[in-house]
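The values are calculated or read from the model by the stated rules, or taken from the named source; none is laboratory data. Being a predicted model, the structure only gives us computed values, none of them experimental. We place every Cβ from the backbone using ideal geometry, glycine too, and count neighbours over all the protein chains shown.
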């Protein structure tokens, strides 16, 4: 059974990691008739830490009680759940690093965590829920997707790379068949080095196939869309076309990287998506990047799109995973017109440009970045590389420089790199306290356009729901009556 792309709503809520687009946000969005999307990247870290904090509302344990392999769910609880909660100020128990042959307990945790997040997002309504993954985090794709599919995920979205292998993987997992994923391995570009996963190690002797979710590739050009249609290992149901003003990771500019006076990548005419060429491919597509205004949805439909994807408007809503303090700080700066969003060409270890909100007490500020001791204790963005002796190794340009160089990396690659793994966990109130006493600081990402905020709230202490955001995106009048509406803004065809 296959999820049809024709059933995907006009509005897709962006997948924002780590757990900024969590199950609460996705559930509220899906309940309102849009596509709610959870971020699967690193969700095993989130579940492990929330269990150590006592799972105070019991949601994780409720979801695990529905996991189809109870013994595995119990092993996850035995390893991470603390009924009395972790004492304040003490470090979280670490989750193992991903490797080519990851530990069995880590694979079980990844499957369970993705099941938990999707199961909770889908509970209590009949709307649709998707999962967003970063293609660059390749070592966890297979168990993450299987866990999400066990919970009935409707759509899989993937960007930050070229996800040509994912459609075939979804086909395999729907049949509970062993599958593999060819890795990008530095120093071994021609080698066929794969990570493998056998679903029947999780669920032996399954009796019925799983529903195969629709797959939407997140792209930045019609050329890439055409390539995916012709070369993907299975069917690509559609595309999300993300422009350079969208939050999170952006596609690099086409051609040689050039920076502005402020140090941001310069995007030009070659980066404008050829919409007529995209329409000619005959697959539905959703436009993303500065579409958080009511008139933009209709404009996108008029251009032949199936709808829009919006992230930032949901990231600032009450149900997002940001801590209340961060959310209020972002809203206040947006209302005051002082919120600065910087497209950092260096911050992400992936080497993709990464949008950074310049906020006090975050790693966006040089002083705070300089205070952080370099270490790599999560490692989800580690790069797989081949050593001179042929063995496989793992390194991250944000790890201690001496360690990176010892592993064959170049010093220049470490400049400005930030530990996104730890920073994004801090964004949602789950910062690690390192054994030297340092508590990890946040690093917030948002899209460039936050002008919608003036239509939705009068002050930073006010809030709005994801349902309010959806109504606004559909063209409803602004919630504020003392501000002019942005409905009626137009968009030119690219």
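Filtered by the rule that a residue be part of a loop (DSSP other than H, G, I, E, B), in contact with a helix residue (DSSP H, G or I) (Cβ under 8 Å, 6 or more places away or on another chain) and touching a residue at least 40 places away in the same chain (Cβ under 8 Å), the range 163-186 gives 163, 164, 183, 184. Scanning the range 117-124 for residues that are farther than 30 Å from residue 13 by Cβ and either at pLDDT 95 or above or in contact with a strand residue (DSSP E or B) (Cβ under 7 Å, 6 or more places away or on another chain) (or both) turns up nothing. If the condition is being out of contact with any helix residue (DSSP H, G or I) (no Cβ under 8 Å at 6 or more places or on another chain) and in a strand (DSSP E or B), then the range 373-427 contributes 383, 385, 386, 392, 393, 394. For first residues located in the range 322-341 and without any contact (Cβ under 8 Å) to a residue 40 or more places away in the chain, partners that are surrounded by 11 or more Cβ atoms within 10 Å (Cβ to Cβ) and assigned to a helix (DSSP H, G or I) and lie 6+ apart or on another chain with Cβ distances below 9 Å form the pairs 327/315; 338/332; 340/333.
Checking each residue in the range 268-280 for being crowded, with 17+ Cβ neighbours inside 10 Å and in contact with a strand residue (DSSP E or B) (Cβ under 9 Å, 6 or more places away or on another chain) picks out 273, 275, 278.
On inspection, residue 391 passes the criterion of being surrounded by fewer than 16 Cβ atoms within 10 Å (Cβ to Cβ), without any contact (Cβ under 8 Å) to a residue 40 or more places away in the chain and over 25 Å from residue 439 (Cβ atoms).
If you go through the range 63-72 and keep only what is over 24 Å from the mean Cα position of the chain (by Cα) and either closer than 14 Å to residue 48 by Cβ or surrounded by fewer than 16 Cβ atoms within 10 Å (Cβ to Cβ) (or both), you end up with 65, 66, 68, 70, 71.
Number of residues in the range 91-118 that are surrounded by 24 or more Cβ atoms within 10 Å (Cβ to Cβ) and over 10 Å from residue 44 (Cβ atoms) equals 2.
Of all residues in the range 138-162, those that are at pLDDT 95 or above and part of a loop (DSSP other than H, G, I, E, B) total 4. Within the range 235-256, the set of residues being in contact with a strand residue (DSSP E or B) (Cβ under 6 Å, 6 or more places away or on another chain) and over 23 Å from residue 166 (Cβ atoms) comprises 253 only. Of all positions in the range 364-373, none carries a residue that is under 24 Å from the mean Cα position of the chain (by Cα), closer than 26 Å to residue 96 by Cα and crowded, with 22+ Cβ neighbours inside 10 Å.
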